[in-house]
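Right, one structure below, let's go through it.
All of the numbers you see were taken from the coordinates with simple rules; none came from a lab. No experiment lies behind these values; they were computed from the predicted model shown. Every residue, glycine among them, receives a Cβ derived from its backbone with ideal geometry; neighbour counts consider all protein chains shown.
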Amino acid sequence: MANLLRTLTSLAVAVGITAVAVPATATAASSPTAYNTWTQELTNHPNPGMPISCVDRTIDLREGHYNWGLKMGGSERVMRTDLFLGTDRYGWHDCLVPGDNVYGHASSLKARNHPDWPEITISRSWTLSAAGVRTWGSFLDPLDF
């Protein structure tokens, strides 16, 4: 999965990124759910020649258990349940990659102060029934705070 995200990021640089958010810092320690999202116009017939979109942020997390999932428009899907994360500042990265009538979506979390901790990723594909403006990205829902 980490290789998929690195490949998506490299491809984004090579073909041009359509959306990049300015890195921000947020704390999920006392908020119910944290989001890393971007809003943009999407087609229901994407193709591999279209640009990749990515969004990044930095987030401070407390040690604990989280549900981690992906979001597209009004649809949210938990991909990792009861994920344990240590206290750290994390880089949070999402990319949306157009394919043949489908969008590939990958999200990663990497601890900044513990380089020995592995980068973790989740991914899935989305198909859209209609073109339109969509908010996409990922979310972290703290379970024990």
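Report the calculated FRET efficiency for R124 and E63 (r = Cβ-Cβ distance, R0 = 25 Å), to the nearest 0.05.
The calculated FRET efficiency here is 0.40.
Taking neighbour counts of Cβ atoms within 10 Å as a proxy for exposure, in what order, fewest first, do R134, R77 appear?
Ordered from fewest to most neighbouring Cβ atoms within 10 Å, R134, R77 come out as R77, R134.
Neighbour counts of other C-beta atoms within 10 Å: give me C95, C54 arranged from fewest to most.
Least to most surrounded, the residues fall as C54, C95.
Return F84, F139 ranked ascending by Cβ neighbour count within 10 Å, so the fewest neighbours appear first.
Ordered by Cβ neighbours within 10 Å, fewest first: F84, F139.
About its Cα centre, how strong a charge dipole does the range 37-145 have in debye, to the nearest 20, once Lys and Arg get +1 and Asp and Glu get -1 at the Cβ?
Here the size comes out at about 180 debye.
If r is the Cβ-Cβ distance from N44 to V78 and R0 is 22 Å, what FRET efficiency results, to the nearest 0.05?
E between N44 and V78, to the nearest 0.05, is 0.35.
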